[in-house]
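Below is one structure, written out as structure tokens; the observations come after it.
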Amino acid sequence: MSVSRELSKKFEETIRGTVNELILHFTNKAPKGEFVIVLEGKNKSTLYFYNNEKPMKQKIWKLKPSPDTQKIFELKKSLDVSKKICALLIDRGIDTFEKAKTFFRPQLSMLHDPFLMKDMNKAVSRLLKAMTSKEQIRVYGDYDVDGTTSVSMMYLFLKSQNANCDYYIPDRDSEGYGISYKGIDDAIDKGITLMISLDCGIKAVEKVAYAKSKGLDLIICDHHRPGEHLPDAIAVLDPKRVDCTYPFKELCGCGVGFKLIQAYLKHQGLDESMAFQYLDLVAVAIGADIVPIVEENRVLAFYGLKNLNENPRIGMKALMREHKHFGAMNITDVVFTIAPRIKRSWTHEACT
Ligand SMILES: [Mn+2]
């Protein structure tokens, strides 16, 4: 018996029931020749069909063992909901009354202190300096949904605070993703002295150094994983920085920008709730960027959807106009209705 046959036989022997049927279903469809099955991860398996040319990869889901019945019983007693729901909650780490309350009733007071984010103090003082001395500020984004909603949010906020600002979204074809030399040169030509990058910038080490040499300061708001070196910006806000102890790592770019707004308001002794009007934009970014909707993202998305449903801004209203769904918009509607329309706008622009 060949190695691959032996492996597949072993695999089939170790699994039963539905999963086994699934495997048989796949194996029936497998191209002629031998196949190898490789197991990976805790809850996910990966099947490789080998057909002497290219391995074809498919993923299947393995069933997680049911949670402990005693645990289910205890949670059922405190929540008074069905056993099935209790089991699903425990599966997701929600195993106490308090955790369930947080999950079902997210509160804006649960949002973390924005100053817990590394460099937030530096970002706020530089922004404040630019605001008080009426410097020209540029909001620099990305062409995807997270990037455009971030720019929209930051631009609207700065304008509401009477800032001298403009915005810039790079052209996908000629400039590509992230901070571009063209964007920097254009900013310098226009007398801009502070640029806030959103959803990009964490890896722009050379470009940020170039901007600095030309007298253009940068505040970076990003959520991508940093490279080996951080750019030499005035402030680098990114919860994925290894030296950032911010308690939640999964914010989207718009979420990081939102934290800067929150911090600015807090620092100025202004009502933090002024930032909450932008949560519709944050919710759209959360949905479109597929960041996990847990913890702080869940609070942001919950209240963002509330804004979208109860008091949509004019642009969002227009994007939702053709929406045939009855009842309230949920995050899936956002992903399949609003996000593609925002995405379409830059593809469209690039075609004209
Ligand atoms: Mn993003």
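A short reminder: the numbers here are calculations on the coordinates, not readings from a lab. Keep in mind the model is a prediction, meaning the values are calculated, not measured. Reconstructed Cβ throughout: ideal geometry from the backbone, glycine too, with neighbour counts over all protein chains shown.
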At R0 = 25 Å, FRET efficiency that the Cβ-Cβ distance of R341 and S160 yields, to 0.05: 0.50
Estimated dipole of segment 207-352 in Debye, rounded to 20 [Cβ of Lys and Arg +1, of Asp and Glu -1, Cα centre]: 380
Burial order of peptide ranges 191-201, 240-250 (average beta-carbon count within 10 Å, highest first): 191-201, 240-250
Y210-N309 pseudo-label distance in nm [points 7 Å out on the Cα-to-Cβ vector]: 4.7
Computed magnitude of the charge dipole of segment 165-265 (debye, nearest 20; Cβ of K, R +1, Cβ of D, E -1): 280
Protection proxy ranking, peptides 61-70, 212-221, average beta carbon neighbours within 10 Å, highest first: 212-221, 61-70
Packing-based order for 204-210, 281-287, 269-275, using average beta carbon neighbours within 10 Å, highest first: 281-287, 204-210, 269-275
